[in-house]
Amino acid sequence: MTDPQLRSVISERRQLINLAYRLLGSLAEAEDVVQETYARWYALSEGQRHDVAAPGAWLTTVASRICLDLLGSARARRERYVGEWIPEPVPDRSEWLGGPAPADPADRVTLDESIGMAFLVVLDSMTPAERVAFVLHDVFRYSFAEVADIVGRTPAACRQLASSARRRIRTSQGPASTQRAEVVRDFKRAWETRDIEALIGLLDPQATATADSGGLAPAFRHPITGGEQIARAWIEIAARGPEVTLLERTVNGQPGLVAQLADAIVSVYAFDIADGRITRIWAIRNPEKLRPWTAG
């Protein structure tokens, strides 16, 4: 098979991975979407591919529509999921797969504010159409006319969808913290020394902790609310669980922690921090979601 557009088509891979991950919150699903998108491209005849004036736009449209279909069926899939579902965490480039980043930049996810765990959690609360319209327009800068063609709505309807999504983002955002790394480091130290008073002091009184194991690893099944309750739970985890090594790592572009047992990463912790206190903790323990963090 020969494809004169091969170079331009393959160069879109990184863009497609970034788009699909933000739409689905799962790197594994994003990779499947990109694979399916390329399969559809090469299912076209050579003449049909030649007639596509902008292969990148074609690929983006197809990938977005696949994501839209997946998002539409996500509720049913989540009902079968054991426990809480949290977006799949991604490491910083230097920490990918426990070592050097992939040689091919197309296999990396670009880290920015649209990849933060808090941001992805809000995206996950949106309707599929809201999410696709917002991500395509506000994150990837597609015009509403282009978005309309992808989601099958009018440009005006897509503008409304993105506006609604934007309000959700604004409502969910608290005051930013410039001390993220310091707060996470202090949390790590207090957890390691089992200093419950220090943990309570670092947690917002209304903080929430959520764990995602998918039923494949031990974890608390329901979210824990309240700084003191979370602190006591974390002390209990330290007392009852196996001895792990806590490492400071970049999780979805923000300071976070990973727990290492022997040579395996068994947990990834993402944090939301406001006014110098932790307001949200996301503990990802599902080993299927920790694949990018696992050496080898």
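The values are calculated or read from the model by the stated rules, or taken from the named source; none is laboratory data. Worth saying up front: this structure is predicted, and the values here are computed from it rather than measured. In this analysis, Cβ positions are derived from the backbone assuming ideal geometry, glycine residues included, and neighbour counts consider all displayed protein chains. We work out accessible area using only protein heavy atoms, side chains counted, and drop any ligands, DNA or RNA first. Shrake-Rupley method; radii C 1.70, N 1.55, O 1.52, S 1.80 Å.
Counting only protein heavy atoms and a 1.4 Å probe, the chain has 48 square angstrom of accessible area per residue. Simple point charges give the picture: +1 on the Cβ of Lys and Arg, -1 on the Cβ of Asp and Glu, and for segment 207-296 a dipole about the Cα centre of about 160 debye.
Taking the accessible area of the chain, probe 1.4 Å, and keeping the other protein chains in place, the carbon and sulfur fraction comes to 50%. The heavy atoms of Glu79 present about 140 square angstrom of accessible area, all protein chains included, probe 1.4 Å.
The helix-only estimate of mean residue ellipticity at 222 nm for the chain, built from DSSP H runs of length n ≥ 4 each weighted as -39500 (n - 2.57), is -14000 deg cm²/dmol after division by the residue total.
Compared with the dominant Cα axis of the chain, that is its longest principal axis, helix 55-72 is turned about 50°. Note on segment 213-254: with charges restricted to the Cβ of Lys and Arg (+1) and Asp and Glu (-1), its dipole about the Cα centre is near 120 debye. Per residue, the average separation of C-alpha pairs within less than 8 Å and at least 6 apart gives the chain a relative contact order of 21 percent. The charge dipole of the chain, taken about the Cα centre with unit charges on the Cβ atoms of Lys, Arg (+1) and Asp, Glu (-1), comes to about 560 debye, rounded to the nearest 20. Taking amide H atoms as placed 1.01 Å from N in the peptide plane, the amide H of Arg280 lies under 5 Å from those of Thr208, Asp272, each 5 or more residues away in sequence or on another chain.
Backbone phi angles across segment 121-137, fed through the Karplus curve with coefficients 6.51, -1.76 and 1.60 (θ = phi - 60°), yield HN-Hα couplings of 5, 5, 4, 5, 7, 7, 5, x, 5, 4, 5, 5, 4, 5, 5, 5, 7 Hz in residue order; Gly and Pro are listed as x.
Projecting the Cα atoms of Ile10, Tyr38, Trp58 onto the dipole axis of the chain, where Lys and Arg carry +1 and Asp and Glu carry -1 at the beta carbon, places Trp58 farthest toward the positive end. Simple rule: put +1 on each Lys or Arg Cβ and -1 on each Asp or Glu Cβ in the chain, find the dipole, and look at Ala262, Ser213, Ile169; the Cα lying farthest toward the positive end is Ile169. The angle between the Cα long axis of helix 155-172 and the main principal axis of the chain comes to about 10°, on a 0 to 90 degree scale. In order along segment 237-246, the Karplus-derived 3J(HN,Hα) couplings, from 6.51 cos²θ - 1.76 cosθ + 1.60 at θ = phi - 60°, round to 4, 5, 6, 8, x, x, 5, 10, 9, 8 Hz, and Gly and Pro are given as x. Amide H contacts of Ala211: Ala283, each under 5 Å away and 5 or more positions distant or on a separate chain (H built 1.01 Å from N in the peptide plane; Pro and chain starts excluded). Shown in residue order for segment 256-271 are the 3J(HN,Hα) couplings computed by the Karplus curve 6.51 cos²θ - 1.76 cosθ + 1.60 at θ = phi - 60°: x, 10, 10, 9, 10, 10, 6, 9, 10, 7, 9, 8, 10, 10, 10, 10 Hz (x for Gly and Pro). For segment 214-296, the relative contact order is 23 percent, taking Cα pairs closer than 8 Å that sit 6 or more residues apart in sequence and dividing their mean separation by the residue count.
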